[in-house]
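This report concerns only the one structure given below.
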Amino acid sequence: MYWIRFCAITLAAILLVANGPAIAQEEAMQEELVDPLQMAYEEAVAIHDDGDWELAVKRYKEILKQDKTHAATHANMGLAYISLDKRDDAINAYKKAIEYNTEDGDVLYNLGTLYYEKGKHDDAIKTFEAMLMQSSDEEDVDLYTKLYLNLGNAHFKKKHYDQAIEAYQEVTRIDSVNAEPYFNMAIVYAKQKDADGVIASLLMYIDKAAGAEDTDQIQMWLAQLGAASETTDEDN
């Protein structure tokens with residue numbers, strides 16, 4: 001499973017204010033000195049937030065005609081393209097945002113996830129790892145949980161089983177109640193023919209996912225695995 005994180009970027013208005021003796025004079029100067037590009041950007045974000053993604057893209061393009069290096073505009077345009085299901089355009093927009101040094105970590109996350117969707121697993125791994133190198137701040141548990149899950153999934157697709165396990169273990173470290181990494185680890189251990197790893201991971205999954213609909217099925221798998229393990233021991 002993979003996720004796209006939806007979060008439009010909003011910047012505070014930039015007002016260049018000169019000191020003056022009268023409030024009316026200061027207000028007039030503020031109105032004159034407001035950055036028109038910033039105003040256009042905020043209007044485009046408002047349109048985006050209202051769900052008119054086609055018009056938002058049009059406005060973002062108008063802004064980029066004035067300043068092609070406006071990283072936040074490229075980033076938000078990528079988000080709008082995702083909403084319009086234009087994945088290739090979204091990838092190109094996010095790459096531009098990175099080229100012009102966006103500081104928004106969601107851009108790398110979304111770009112990596114888009115690569116994963118398209119089966120470009122090497123690019124997904126590279127992008128997720130770039131995000132981890134850019135910031136080690138894990139206060140956003142939800143984002144980093146999904147990041148490590150997707151990184152593990154990408155490694156799994158490339159048959160990098162040890163790296164997949166490492167990524168899933170990071171999820172258990174930062175989100176101790178999350179059951180999903182244990183299920184994923186069980187699948188990896190099955191690929192490695194590590195029955196003990198499968199059993200241990202599924203037991204942890206049942207513990208963390210108490211009440212989940214699939215726990216009865218997993219209990220059956222565990223019983224079968226246990227029986228198979230006992231038969232193997234007897235044969236030895």
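Here are the numbers for this structure:
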{"read-out": "Calculated from backbone phi, Karplus (6.51, -1.76, 1.60) coupling profile of segment 107-123 in Hz, x at Gly/Pro", "value": "4, 5, 4, 5, 4, x, 5, 5, 4, 4, 4, 8, x, 8, 6, 4, 5"}
{"read-out": "Per-residue ³J(HN,Hα) for segment 163-176, Karplus 6.51 cos²θ - 1.76 cosθ + 1.60, θ = phi - 60°, Hz, x for Gly and Pro", "value": "5, 4, 4, 4, 5, 5, 5, 5, 4, 5, 6, 8, 9, 5"}
{"read-out": "Partner lysines for Lys158 [C-alpha distance under 22 Å; skip if fewer than 8 residues away on the same chain]", "value": "Lys118, Lys120, Lys126, Lys146, Lys191, Lys193"}
{"read-out": "Lysine pairs in segment 38-108 with Cα atoms under 15 Å, if 8 or more residues apart or on separate chains", "value": "7"}
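None of the figures in this text is laboratory data; all of them are computed from the coordinates on show. All values reported here derive from a predicted model rather than from experimental measurement.
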